[in-house]
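Nothing in this text is a laboratory measurement; each read-out follows from the coordinates by a stated rule. For clarity, every value in this text was computed on a predicted model and none was experimentally measured. Backbone-built Cβ (ideal geometry, glycine too); neighbour counts: all protein chains shown.
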Amino acid sequence: MFDKVWLIPIFPIIGVLINGLLGRRIENINKSIIHWIACGAVALSFIVTCILFFQMLGLPADQRLYEFTWFDWISGGVLHTYVAYQIDPLSMLMCLFVTGVGFLIHVYSIGYMETEEGRYYRFFTYLNLFMFSMINLVLANNYLLLFLGWEGVGLCSYLLIGFWFSEEANAIAGKKAFITNRIGDFGFIIGLLLLYTSLGEHGIWTLRFSEVFTHVHLLSPQVATAICLLLFVGCTAKSAQIPLYVWLPDAMAGPTPVSALIHAATMVTSGVYMIARSNILYSMSPFAMGVVATFGALTALFAASIGLVQNDIKKVLAYSTVSQLGYMFLGLGVGAYAAGMFHVLTHAFFKALLFLGAGSVIHSMHHGLHKIHSHVDAQDMRNMGGLKSKTPITYVTFLIATLAISGIPGFSGFFSKDEILWQAYSSPHGHFILWLIGAVAAGMTAFYMFRLVFMTFFNECRAPEGAEEHLHESPKTMTVPLMVLAFLAAVGGYLGVPHALGGSNRFERYLEPVMGLGPEKLLHKAGGAVAQGAHAAAEAVHGAVGHAAAAVHEAGMGHMAEAAHHAAEHGSMFAEYLLMGISVAIALVGIFLAYTMYIKKRDIPEKLANSYPFLYRLLLNKWYVDELYELTVIKPLHGFSVLLWKGVDVAIVDGIVNGVARIIGWFSGVIRYIQSGYVQSYAVSVVLGTVVLLVYYIIKAIS
Amino acid sequence: MNQLNFPIISLVTFFPIFGVLILLMIDKESEDVLRGTAVAFSVIEFFLSLPLIFYFNDATHQMQFVELIPWIKSFGINYYLGIDGISLWLVILTTFLTPICVLCSWTYIQKYVKEYMICLLLLETAMLGALVSLDMILFYVFWELMLIPMYLLIGVWGGKERIYAAVKFFIYTAAGSVFMLLSIIFLYYYNYKVTGVYTFSILELYKLNIPVSVQFWLCLAFFVSFAIKVPMFPLHTWLPDAHVQAPTAGSVILAGVLLKMGTYGFLRFAMPLFPYATHQFMPVIATLAVIGIVYGALVAMVQPDMKKLVAYSSVSHLGYVMLGLFALNMQGVEGGIYQMLNHGISTGALFLIVGMIYERRHTRMIKDFGGIAKVMPVFATFFMIATLSSVAVPGTNGFVGEFMILVGAFRSFPIFAVVAASGAILGALYMLWMYQRVMFCPLDKPENEKLKDLNAREIITLLPLAVLVFVMGFFPGLFLRKMDATVSYFLKDFNTRYEAYAQQQQPTIGDRIAAVMQIKDNKNITVE
């Protein structure tokens, strides 16, 4: 069945073709055909993925890699790229939740977009196109096809952010997303070119993962670092990290299901996926990993700080996403690739749920406000409140997601976030500071999320007069996905219960085959001098005897390392408990603060804002980063372009051309007088000529 | 005589002339008959050219479907035609774009319809002739012949400042051709001096061993001529004027095929004839190409006129083509050729799109639009596809060309490739910005509220281009595999001959000047 992997991307693209080409007609006949096609396509992809997934699980761990070449893509000379897919634990994991969560959000969209007239088919076409791109991204067996998905999802993001394009702000937000991502892609593609040509120098002309990763040792450390950093530039745009995160908050202009699917659960995590996929490459460059970890940690803190004061419900969630992505990169950067991926998974559940919940709230608010013809902002939390009783399902599910993201023990976010924080502290690439930043950001997260819950669902309703009685729960197509996701957000974490809590971290085990450094990582963890020495010795053997020796080394050292690892594990167990306790405590403090400020003594926020106006405005205006970019990049570039056009093109180049033409014209004008047809003027010329000649000869004779 | 035993190239080349003859017989007043006839001929012409693809043997680098008939024996001028992997797709592109051009002029052109259609068909023959000629004089005749219909298209059916634009176009290109002609004649005499045979055959002249010092000047002459045509920075300023003033079909042909004559010229003449000099020029050309990419993109960004924006984007795109060709490796050259085709399709489509909106609103100023997607959804879709192709989103044809060029360039000159790649950011910037201002935002101009969406004819015009964007984006092998043999031979031959030349001593500036003197002496001797 593995050779049927192409079925996964083909269903959504068929959906695109049908709805894209005939959608307008179908919509006129019966709107529901459109969403049946779109949801059905994704459901089929999901089913195929499930089948393949379980088939793969049936195989022994070391055989879980299957590559399927569909057709030849861009080739010429030594360049050979294919549209080819790969089935392995990582790609299957991504594909499962992309199609799974994607399906739920498709279903949810039926309810959310029901009032959309005439453009309903477009929405589902774009969503399907997104699924196609995202599936290509995660299933690709080479970097170029990954890049196709990578830019493809960016394109869909652009189209969907600007879905309601009649508002200028939405159109601008879409464009901003695309351009920012293009800047990142610039780094990405240069990284690819560098990787391709530097491996090519060793005769390995390939972009295929399995080939690249078995040959990365040929790269010099400097080149490896450069490649990793360039690829990371791509991630900072796609996964919204400092300094290219600026597009994501604006992307909230799109319909809420889009925010949930693209800007929370799937697309924005593709940077994390890419680095996890390239973990062997990144492990070659501790420097690049340090950069990834640092940027991740800083982003986590920075975005959380902005989230503290935002009033738009989706904006809070957007900054929260940026912040959570920062955690994932922090995990990757300290070498905890599996932990990073684990957070991708749990985040997909609870963040999709948060967005869909927010969407349900907005949907309800819209409805209520529409009824009384009010133009109050339906997304501003200051107009909400007391929705707990109006939208009970939304409230309960939302609360579960909030508990998960805040890292309350037992919920999914707790396990993944804690794994990252623990690794940030304990891993050889980690540092106490990184842990501290992460822990502080976790406290902020708990605060702003509960602030959001309290402002939205608690207290009295602040909606305009008369709107309140029209607020009600959303339709079934919206609440059922909420419930499914709530279940996943609650229990998803048990996939990877760490050893410290009596689990076996099955998630990490599962991903081990793709992480390529299983034994080596265990060695690091053991940290013992003996193991280190043995490792060095083994490495020498590895170098000398080659691959056969390597296999022996891996098998032998694996056991040794595992034993050492277990010994070390018990010693550090205490530290792990301690840190876990601290981070939970910090989260509880955050919740308590939110409770005090937004339930008990609701005048505190205003007082705080008044006593620290500078800080408040700085945060409210998102540290003025957009303004900074506008001033330092966009304006100068525009000015320079105008200068080139008016100055160089029109004035200089055309000036010269027209000048030459004018001189020739003038010269011809002068010459014209010579041939005027008047006998007199000819006579004058003859006389003048004679005189000139005479003078010439006379001078000559004299000298 | 060739694999079909049939002069198929002649048929394809001159079939439009047959159409011209028929058009001449039709009454001036019956305009729809004229239009229909032109469409019919151009469509049949396209189908006639298809056997060239099917019977093309992609295993050989040799010229195919060759026709060789002595023309002016005493001068060694032959009627010598042939197609290889380099020219094949350009020929198809020409026959493919012409019917589209005729179709898009259906209502756009209201005066002198008969003459207009004749001009278009005449132009098609001239372009095809230039692409298939293997004799320098024959090539030169077609090359110059292209100028006249194009000059008329701009000068007669153009916009307000058509005369200025037409003259500028004509003078620029004609000035370039003069240098080329001088160079051709020199080669001819030089060949006679060395081999004792009078010939203008390109394939024969490839074999010449031209002194390194002379090569520089000959190559320069060809370069200038082709660089104007491409156009390369800083010889590009005729292009925006010509595009803006030309009628839609003129712009499509100009962007789609005429500009490719420049890049094709580099591949067919300048590079293989003068490998050593080409090598010397490599850094200069690559620099100019990269400047063109960034410069064209930046200037495009601030254009208030949609058509001018697309025109400047051409400068940027053709910069990619040149960068690819001069990377002088498989990926670069194949990517460059592929990008020529892409540019014909994406920029062709963009010009059609601008033309369609102009026909409705009689303005091309970006600020006059806004929110058009609401009233013209089908138009918006086509516009989006063309935009995506132009900004080289993976999955479209543009990406294939751009990626191959970047790979090729990165192998030859990494820094240039990096700068060129930044052009992709700027490309997205100006295209999406235009799209946003024209198609998105509120529909706030009352004139735009009643705009009609595309009619069936317009959809038929754009549909083939839109389909090709994706076919070429996902299955580039269909096109690239036919080029492989030719391009790899081209590079192998180029390199062996370059190596041979490189054995000879490197000339100094003094040598070059001396060489010029030598040229004059040689000429005198041979003429005598």
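When the Cα atoms of region A:218-309 are aligned to their principal axes, the ranges along those axes come out at 47, 24, 15 Å in descending order. Across all C-alpha atoms in region A:124-202, the radius of gyration and Dmax reach 15.0, 53 Å. Computed over the Cα atoms of region A:55-109, the ratio of the radius of gyration to the Kirkwood radius (Rg/Rh) comes to 1.15.
Among B:Ala456, B:Ala297, B:Cys441, whose Cα lies farthest out toward the positive end of the dipole of region B:276-482, if unit charges sit on the beta carbon of Lys, Arg (+1) and Asp, Glu (-1)? Working it through, the farthest residue towards the positive pole turns out to be B:Ala456. Translational diffusion coefficient of region B:276-482 (Stokes-Einstein, Kirkwood radius from Cα pairs, 20 °C, 1.002 mPa s): 124 µm²/s.
Taking max minus min of the alpha-carbon positions on each principal axis, the protein assembly as shown gives extents of 112, 79, 73 Å, largest first. About the centre of its Cα atoms, region A:59-190 shows a dipole size close to 160 debye [charges on the beta carbon of Lys, Arg (+1) and Asp, Glu (-1) only; nearest 20 debye].
Measure off 7 Å from each Cα along the Cα-to-Cβ vector at B:Met282 and B:Tyr55, then give the distance between these two points in nanometres to one decimal. If labels sit at B:Met282 and B:Tyr55, their model points lie 3.9 nm apart.
Phi angles across region B:405-422 convert, under the Karplus curve 6.51 cos²θ - 1.76 cosθ + 1.60 with θ = phi - 60°, into 3J(HN,Hα) values of 4, 5, 4, x, 5, 5, 6, 8, 9, x, 4, 4, 4, 5, 4, 4, 4, 5 Hz, Gly and Pro given as x.
Give me the percent of DSSP beta bridges within the protein assembly as shown that run antiparallel, rounded to the nearest 5. Could the numbers behind the result be given before it?
Numbers: 20 of 21 bridges.
Counting DSSP beta bridges with both partners in the protein assembly as shown, the antiparallel share is about 95 percent.
Provide the packing ranking of B:303-315, A:449-461, i.e. peptides ordered by the mean count of other C-beta atoms within 10 Å per residue, highest first.
So the peptides B:303-315, A:449-461, ranked by packing, come out B:303-315, A:449-461.
Across region A:414-427, rounded Karplus estimates of 3J(HN,Hα) from the backbone phi angles (6.51 cos²θ - 1.76 cosθ + 1.60, θ = phi - 60°) give 4, 5, 6, 5, 5, 4, 5, 5, 4, 5, 4, 8, 9, 5 Hz, Gly and Pro being marked x.
Look at the stretch A:143-155: the mean tally of other chain Cβ atoms within 10 Å of its residues' Cβ atoms is 3.
Fraction of C-alpha pairs exceeding 19 angstrom in region B:115-177: 34 percent, rounded to a whole number. Region A:33-62 and region A:246-300 have Cα centres spaced 25 Å apart.
Simple rule: put +1 on each Lys or Arg Cβ and -1 on each Asp or Glu Cβ in chain B, find the dipole, and look at B:Val257, B:Asn209, B:Phe379; the Cα lying farthest toward the positive end is B:Phe379. The C-alpha atoms of chain B occupy a region whose extents along the principal axes are 73, 56, 44 Å, arranged from largest to smallest.
In peptide A:186-192, what is the residue-averaged number of other protein chain Cβ atoms found within 10 Å of each Cβ?
Working: counts 7, 1, 1, 9, 7, 0, 4.
Partner Cβ neighbours, averaged per residue: 4.
Only one residue of A:Leu17, B:Asn495, B:Tyr108 has its Cα farthest out toward the positive end of the dipole of the protein assembly as shown, where Lys and Arg carry +1 and Asp and Glu -1 on Cβ, and that residue is B:Tyr108. Loop-located trypsin sites (Lys or Arg not before Pro) in region B:51-114 (DSSP state not H, G, I, E or B) with no more than 12 neighbouring Cβ atoms inside 10 Å: B:Lys111.
The distance separating the Cα centre of region B:329-356 from that of region B:183-203 comes to 35 Å.
Compared with the dominant principal axis of the Cα atoms in chain A, helix A:506-515 is inclined by about 30°. Taking the Cα centre of the protein assembly as shown as reference, the dipole from Cβ charges on Lys and Arg (+1) and Asp and Glu (-1) amounts to some 1760 debye.
Send over the per residue convex hull volume for chain A, Cα only, as a whole number of Å³. Numbers along the way, then the final one.
On the way: hull volume 199.7 nm³, N = 703.
Per-residue hull volume (Cα only) is 284 Å³.
Each Lys or Arg adds one and each Asp or Glu takes one away; over the other residues whose Cβ falls under 14 Å from the Cβ of B:Thr94, this sums to -1. Working note: Karplus 6.51/-1.76/1.60 with θ = phi - 60° gives region A:636-652 the couplings x, 4, 4, x, 4, 5, 4, 4, 4, 5, 6, x, 7, 5, 6, 6, 7 Hz, where Gly and Pro are set to x. Summary of packing: across the peptides B:416-424, A:643-651, the per-residue average of other C-beta atoms within 10 Å ranks them, highest first, as B:416-424, A:643-651. Entry for region A:1-113 at q = 0.18, 0.20 Å⁻¹: log10 I(q)/I(0) = -0.94, -1.04, Debye formula applied to identical alpha-carbon scatterers, no solvent contribution.
A cut-off of 5 Å between modelled amide H atoms, ignoring neighbours fewer than 5 places along the same chain, links B:Trp71 with B:Ile77, B:Asn78, B:Tyr79. Charge tally around A:Asn142: other residues with Cβ under 14 Å, Lys/Arg +1 each, Asp/Glu -1 each, net -2. Across peptide A:75-85, the mean count of Cβ atoms from other chains lying within 10 Å of each residue's own Cβ comes to 6.
Based on Cβ point charges of +1 for Lys and Arg and -1 for Asp and Glu, what charge dipole magnitude is obtained for chain A about its Cα centre, in debye rounded to the nearest 20? If you can, show how the numbers build up before the last one.
Values: 39 positive and 41 negative charges, 264 e Å.
Dipole about the Cα centre, nearest 20: 1260 debye.
A Stokes-Einstein calculation at 20 °C with viscosity 1.002 mPa s, built on the Kirkwood radius of region A:645-702 over Cα pairs, returns a diffusion coefficient of 145 µm²/s.
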